[in-house]
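The values are calculated or read from the model by the stated rules, or taken from the named source; none is laboratory data. Keep in mind that what you see is a predicted model, and the values were worked out from it rather than measured. Because the Cβ atoms are built from the backbone with ideal geometry, glycine has one as well, and the counts that use them run over all protein chains shown. Accessible surface is based on the protein model in full, side chains and every heavy atom, while ligands, DNA and RNA are left aside. Shrake-Rupley method; radii C 1.70, N 1.55, O 1.52, S 1.80 Å.
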Amino acid sequence: MNHQTIGSSATHLSPEDLAALRESLHEQRLFRQEQLRQIAAPPRAEDLLRRRSAAQAEVHVKVAASARMVLADVEAALRRMAEGRYGSCHLCHRPVERERLMIVPQARYCARCQQVREAGR
């Protein structure tokens, strides 16, 4: 069943699409929460014996920051879904492409607006 209007960029998410996306977001949230729990866990004895190098510590900090950022994006997407605002671009207010949401369910922007944002960095 094709939920995309032919000849248009309008995207229509079916109830099945939304259910699958919600499940994916919940799985991502659980994964990131567990990742952050493991990062925050006290170091094991063998880790203390092999003191972390500065590079390892930096990677550890960056992984934790990335996990927190993705977790915040996932939680924001779940809020938008609960409020009925999910799937609409934050900039142009057009629907975010179904294919994009299936790949990046926490996406806030359509592909075009995302490219513009990335080009401006």
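Quick check on Val116: is it within 30 Å of Ala41 (Cα to Cα) and in a helix (DSSP H, G or I)?
no
Kindly establish whether Ala67 is open to solvent by 50 Å² or more (accessible area, probe 1.4 Å) and over 24 Å from Ser14 (Cβ atoms).
In short, no.
Quick one: which of Arg80, Arg85 is closer than 18 Å to His12 by Cβ, among the basic types (Lys, Arg) and open to solvent by less than 60 Å² (accessible area, probe 1.4 Å)?
Arg80
What residue, of Leu21, Leu30, is out of contact with any Asp or Glu (no Cβ under 9 Å at 6 or more places or on another chain), surrounded by 15 or more Cβ atoms within 10 Å (Cβ to Cβ) and either modelled with pLDDT of 60 or more or in a loop (DSSP other than H, G, I, E, B) (or both)?
Criteria check complete, one pass: Leu21.
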